1. Under the Karplus relation 6.51 cos²θ - 1.76 cosθ + 1.60, θ = phi - 60°, what is the ordered set of whole-Hz ³J(HN,Hα) values for segment 74-87, x standing for Gly and Pro?
2. If you take the charge dipole of segment 127-182 about its Cα centre, with +1 on Lys and Arg Cβ and -1 on Asp and Glu Cβ, which of PRO164, ASN128, HIS143 is farthest toward its positive end?
3. Calculate the spin-label point distance for LEU11 paired with ASP157, positioning each point 7 Å from the Cα along the beta-carbon direction, and give it in nanometres.
4. Consider the candidate values [x] 101, 34, 21; [y] 56, 50, 30; [z] 44, 43, 33; state which one is Cα extents along the principal axes in Å computed from the structure displayed.
5. Kindly rank 159-166, 199-206, 177-184 from highest to lowest mean number of other beta carbons found within 10 Å of each residue.
6. Using the Karplus curve 6.51 cos²θ - 1.76 cosθ + 1.60 with θ = phi - 60°, what ³J(HN,Hα) values do you get for each residue of segment 132-138, in whole Hz, with x for Gly and Pro?
7. Would you kindly state how much longer the chain becomes between GLU23 and THR92 on full extension, computed as 0.36 nm times their sequence separation minus their alpha carbon distance, in nm to one decimal?
8. Quickly estimate the mean residue ellipticity at 222 nm for the chain, helices only: each DSSP H run with n ≥ 4 gives -39500 (n - 2.57), and the total goes over all residues, rounded to 500.
Amino acid sequence: MIRNRQIEILLYLLKVKKTTHEELANIFEVSIKTIQRDVDKLSMMGVPVTCKQGNQGGVYIDENYKLSRSFFDNEDLLNITFALSVYDSISTKKHKDSIMKKLALIAPDLVYLFAHDSDEYFVVDILNEKIDMTEVVYKNINHCFDEEYCLSLSIDDKSMVVAPISYVLRSDGLYLYALDEKYILIKISDIQSSQVTDVEFERNFIPYKKNKKIHSK
């Protein structure tokens, strides 16, 4: 699925038509490597993005390209709407409305209908306490997801360095699925401190849902 940052990059390119990896990295506060992956993702989805080298180099988008309904089909819009509803239901910070306004540029009637339906018919009541994704630990985890760096954690006054793989939402809270010497689940509220390391990893893991040993716990 396309990520919110990739939508933001696309909207920025539609406005300026030409930029650089460095400029995008500064604007979105990620590495050039991450921006390159985002641009590649947009290209694979059919967006006419071109990267050129040299003095006249940069990241270009076809001047005649306009965002249209062909970019998202009805199922995409519905899935995004319901995913945002789930996120807002567990988070202290709300993102659904601002993102829906952007998607409304493509299909205003459908987007507002889906948003209404998700509020009316889809209620998520899982956690007693909302999650503040702006806390340092989440920012560090998200940074490691994007940049593929290992994360140093302190839990119960013990230190470990893990490769973070994904979040796992359970009825008792949000967990980090990660690889230490073995695959582990870490309850994020148990993390006392976190720090991004300079140790890189390759994203070649057993997904949580396919890891029968840990998924069944």
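Each reported figure results from applying straightforward, stated rules to the coordinates on display, with no laboratory input. The structure presented is a predicted model; accordingly, all values stated were derived computationally and were not measured. All Cβ positions, glycine included, derive from the backbone under ideal geometry; neighbour counts span all protein chains shown.
1. With the stated coefficients, segment 74-87 comes to 4, 5, 4, 4, 5, 4, 5, 4, 6, 5, 5, 5, 5, 4 Hz.
2. Result: ASN128.
3. Each label point is offset 7 Å from its Cα along the Cβ direction, giving 4.8 nm.
4. Evaluating Cα extents along the principal axes in Å on these atoms matches [y].
5. Numbers: 159-166: 17.6, 199-206: 11.8, 177-184: 15.2.
By packing density, highest mean first, the sequence is 159-166, 177-184, 199-206.
6. My calculation for segment 132-138 gives 9, 6, 8, 5, 4, 4, 5 Hz in order.
7. Numbers: separation 69, 0.36 × 69 = 24.84 nm, distance 3.04 nm.
The GLU23-THR92 span can extend by a further 21.8 nm.
8. Working: 8 runs with 89 residues, N = 217.
Only helices count here, giving -12500 deg cm²/dmol.
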